[in-house]
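Notes follow once the structure below has been shown.
The values are calculated or read from the model by the stated rules, or taken from the named source; none is laboratory data. Keep in mind that what you see is a predicted model, and the values were worked out from it rather than measured. No Cβ is skipped: glycine too gets one built from the backbone with ideal geometry, and neighbour counts run over all protein chains shown. Please note that ligands, DNA and RNA were not included when accessible areas were found on the heavy atoms of the full protein model with its side chains. Shrake-Rupley method; radii C 1.70, N 1.55, O 1.52, S 1.80 Å.
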Amino acid sequence: MTQIKPTALVTGATSGIGMSCARRLHAAGYRVIVTGRNPARLNSLKDELGADALPLLFDVRDREIAEAAVASLPPSWREIDVLVNNAGLALGLDKEHEGDYRDWDTMIDTNIKGLLYMTRAVVPGMVERGHGHVVNIGSVAGDAAYANGNVYCGTKAAVKAITDGLRIDLADTPVRVTLVKPGLVETRFSEVRFHGDTERAANVYKGISPLTGNDIADAVVYAVSAPPHVQVAEMLILATHQASGSVICRK
Ligand code: NDP
Ligand code: 8X3
């Protein structure tokens, strides 16, 4: 008899940490639903991973579309075992009183509301089946604000509180909840933050060996592979020469 593989859904799988999570979970034996807004990158990941990958193109900020995307899954892909809420971004690095309110809206709508919409769409099925694991990607930025990080740090502090709340609300179920808080990871993150300024983005990782998406994906796979009675509640993962959101020693 063929064993049905477990299913993971990764938001923001078209780049960086999410793409690494999709690859690592696939390598660990999962079928992966990969989501994002960029069709070319999504299809190329699907081509790479083959029949055990299903692309879903949608914007997590649109609640109705996110719900419809999850509801549109073919029956054989509907029983999601692992949800990785990864889609997110920082926009700008300005003083709060000089910030761009459009950037604020995008960060709040994506990092907080998008994560909530996906949780609301997927977790009831986990509770019903008595099985599941939610991994939210927070950040060291959510532990304490750093200069000019204001709203981005606030969204990641919200992710921490929302994750803790979910873990409390699911404590009477077998569904596990993990918060992974990376420090500096070299991805498209800084390019997006600086609105496409690649030179400024590259400077963020100068003089320090930053983390890679795979470093974070390895932590995600560790958490979801733990025995059922073990709940990895939270992981803070930093580059060796980073001590907090503000303390980074560059050579
Ligand atoms: P990337 O920019 O490389 O990847 C971000 C991903 O999020 C992309 O796949 C993007 O896909 C997706 N995304 C963004 N907005 C939306 C949206 N509205 N709807 C659907 N998908 C969206 O950055 P990272 O991989 O670094 O970031 C991933 C997560 O990790 C974020 O939550 C970030 O805050 C967090 N993080 C990053 C750190 C870092 O230093 N890089 C450190 C700590 C946390 P597409 O454009 O196709 O929609
Ligand atoms: C991303 C890491 O330190 O740039 O969350 O905010 S940092």
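Excluding ligands, DNA and RNA, the accessible surface per residue across segment 150-249 is 48 Å² with a 1.4 Å probe. If contacts are Cα pairs under 8 angstrom and at least 6 residues apart, what is the relative contact order of segment 106-191 in percent? That works out to 36 percent. Within segment 13-29, which residues have the backbone N less than 19 Å from the label spot 7 Å out from residue 41 along Cα→beta-carbon, could you tell me? Counting backbone N atoms under 19 Å from the label point, the list is 13-26. Between 0 and 90 degrees, rounded to the nearest ten: what's the tilt of helix 115-129 against the longest Cα principal axis of the chain? Computed tilt is about 30 degrees.
State the percent of C-alpha pairs, over all pairs in the chain, separated by a distance greater than 33 angstrom. Here the long-distance tail beyond 33 Å is 15 percent of all Cα pairs in the chain.
For the chain, the longest principal axis of the alpha carbon atoms and the long axis of helix 213-225 meet at an angle near 40°.
Sequence-distant contacts, meaning Cα pairs under 8 Å at least 6 residues apart, place the relative contact order of segment 1-143 at 24 percent.
Run the numbers on the chain and let me know its relative contact order in percent, using alpha-carbon pairs under 8 Å that are six or more apart. Provide the component values of the computation, followed by the final result.
Values: 476 pairs, mean separation 50.2, N = 251.
So the answer I get is 20 percent.
Electrostatic tally near residue 199: other residues with Cβ closer than 14 Å to its Cβ, Lys and Arg +1, Asp and Glu -1, net +1.
Normalising the Debye intensity of segment 1-40 to I(0), with uniform scatterers on Cα atoms only, and taking log10 at q = 0.14, 0.26, 0.33 Å⁻¹ returns -0.31, -0.80, -1.09.
Both radii come from the Cα set of segment 1-99: Rg as radius of gyration, Rh as Kirkwood radius; their ratio Rg/Rh reads 1.05. Compute the angle between helix 16-27 and the longest alpha-carbon principal axis of the chain, please, reported from 0 to 90 degrees and rounded to the nearest 10. Relative to the chain, helix 16-27 is tipped by roughly 30 degrees.
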